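Peer 1: Structure below; questions to follow.
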Amino acid sequence: MRKIVIAIDGYSACGKSSTAKNVAKELNYRYIDSGAMYRAVTLYFLDHLVAITNSKEVEKAIREIQLSFRVNAKGVSELFMNGINVEKDIRKMRISENVSPVSALKEVREAMVAIQRKLGKDKGIVMDGRDIGSVVFPDAELKVFLTADILVRAFRRQKELLQRDDLVDIDTIVGNLASRDQIDSTRKESPLVKSADAFLIDTTHITIDEQVDEVIRLALSKMVGNRARSN
């Protein structure tokens, strides 16, 4: 079967990353976490006191950032920034509270989209984010859009944070998710939207395994369809 691009978009804490990772593993595809890239840029901006209202500072900072994904001994893809593993640091709440304004910057989005397209040029990838099907890969063979009830999403995020020894009350998380939803959906550059040809999956009442099974089912139908058209 021919390799395809699988684009998974949607709101925060809907299970995008977990679903994408498992789908990639099952299909022996490469997994790319686009959200981690924006989180890494946010980490750099915070640590280096980059003023996001100053375009010259932003452009200079972007030129100083080198991102790469490396697979660890357990077969898990991890993000490195300027040679340093930043997987743990980019998942902190302080990054979640600042990533949307950074992600909304035109200079940042253009730089990240260019990297993402390069990573996916040979296909055989699963990439998750907010504009993968709409902007990064508008011709992706399979587009999926995930959504879920905001309170369910908040409890999921709280559980993730607790696993990293980061205790955050549920009201703070709900507020953060609502704010990110608003910023991501209304920003000028690459807003969060469901592509007309994307499959909508509501993850409120289903497990990650069920999400993965559904995406794989859709992917296989596309892969078989591709093969049929190529013959």
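Peer 1: Among the numbered criteria (1) open to solvent by less than 10 Å² (accessible area, probe 1.4 Å); (2) of a type outside the set (D, E, K, R); (3) modelled with pLDDT under 95, which single criterion is violated by L119?
Peer 2: Every condition holds for L119 apart from (1).
Peer 1: Sticking with this structure for a sec: Which of the residues spanning region 200-224 are within 18 Å of the chain's Cα centre (by Cα) and open to solvent by 80 Å² or more (accessible area, probe 1.4 Å)?
Peer 2: Selection gives L200, D202.
Peer 1: Let me ask another. If a residue has to be among the hydrophobic types (A, V, I, L, M, F, W, C), free of Cβ contacts under 8 Å to residues at least 24 places away in the same chain and either crowded, with 20+ Cβ neighbours inside 10 Å or on the phi < 0 side of the Ramachandran plot (or both) to count, how many in region 1-53 make the cut? Give the steps one after another, and end with the answer.
Peer 2: So the first thing to find is which residues in region 1-53 are among the hydrophobic types (A, V, I, L, M, F, W, C), and the list is 1, 4-8, 13-14, 20, 23-24, 27, 32, 36-37, 40-41, 43, 45-46, 49-52.
Now narrow it down to the ones that are free of Cβ contacts under 8 Å to residues at least 24 places away in the same chain: 49-51.
In the following step, the residues that additionally are either crowded, with 20+ Cβ neighbours inside 10 Å or on the phi < 0 side of the Ramachandran plot (or both) were identified as 50-51.
Going through region 1-53 one residue at a time, the tally reaches 2.
Peer 1: Please work out if D33 is closer than 19 Å to G124 by Cβ and of a type in the set (D, E). Break it down into steps so the answer makes sense when it comes.
Peer 2: Values: closer than 19 Å to G124 by Cβ: yes; of a type in the set (D, E): yes.
Answer is yes for this residue.
Peer 1: Do we find a residue being within 26 Å of N98 (Cβ to Cβ), open to solvent by 90 Å² or more (accessible area, probe 1.4 Å), of a type outside the set (F, W, Y) and touching a residue at least 60 places away in the same chain (Cβ under 8 Å) anywhere in region 171-188?
Peer 2: For region 171-188, residues within 26 Å of N98 (Cβ to Cβ), open to solvent by 90 Å² or more (accessible area, probe 1.4 Å), of a type outside the set (F, W, Y) and touching a residue at least 60 places away in the same chain (Cβ under 8 Å): present.
Peer 1: Check off (1) outside any helix (DSSP H, G or I); (2) touching a Lys or Arg at 6+ places or on another chain (Cβ under 7 Å) for I95 and give me the number that stays unchecked.
Peer 2: (1)
Peer 1: Right, next: Here is a list of conditions, (1) in contact with a Leu (Cβ under 8 Å, 6 or more places away or on another chain); (2) open to solvent by less than 30 Å² (accessible area, probe 1.4 Å); (3) assigned to a loop (DSSP other than H, G, I, E, B), and I65 meets all of them except one; can you say which number that is?
Peer 2: Looking at each condition in turn, I65 falls short on (1).
Peer 1: Select from region 147-169 the residues that are of a type in the set (A, V, I, L, M, F, W, C) and touching a Leu at 6+ places or on another chain (Cβ under 8 Å) and write down the one among them that is surrounded by the fewest Cβ atoms within 10 Å (Cβ to Cβ).
Peer 2: The first filter runs over region 147-169 and keeps only residues of a type in the set (A, V, I, L, M, F, W, C), leaving 148, 150-152, 154-155, 161-162, 167-168.
Keeping just the survivors that are touching a Leu at 6+ places or on another chain (Cβ under 8 Å) gives 150, 154, 161, 167-168.
Numbers: I150: 16, A154: 23, L161: 17, L167: 9, V168: 16.
Selected residue: L167.
Peer 1: On the given criteria, is L79 farther than 16 Å from M112 by Cα and buried (at least 17 other Cβ atoms within 10 Å of the Cβ)? Before you say what the answer is, go through the steps one by one.
Peer 2: On the way: farther than 16 Å from M112 by Cα: no; buried (at least 17 other Cβ atoms within 10 Å of the Cβ): yes.
No, not satisfied.
Peer 1: Name every residue in region 186-231 that is among the acidic types (D, E) and at pLDDT 95 or above, in order of residue number.
Peer 2: D197, D202, D209, E210, D213, E214
Peer 1: Given the condition of a type in the set (D, E, K, R), within 30 Å of E210 (Cβ to Cβ) and open to solvent by 90 Å² or more (accessible area, probe 1.4 Å), answer yes or no: does some residue in region 97-112 qualify? Talk me through it step by step, then tell me what you get.
Peer 2: The first filter runs over region 97-112 and keeps only residues of a type in the set (D, E, K, R), leaving 97, 106-107, 109-110.
Keeping just the survivors that are within 30 Å of E210 (Cβ to Cβ) gives none.
No - not one qualifying residue is present in region 97-112.
The values are calculated or read from the model by the stated rules, or taken from the named source; none is laboratory data. Keep in mind the model is a prediction, meaning the values are calculated, not measured. All Cβ positions, glycine included, derive from the backbone under ideal geometry; neighbour counts span all protein chains shown. Heads up: the accessible areas ignore ligands, DNA and RNA and are worked out on the full protein's heavy atoms, side chains in. Shrake-Rupley method; radii C 1.70, N 1.55, O 1.52, S 1.80 Å.
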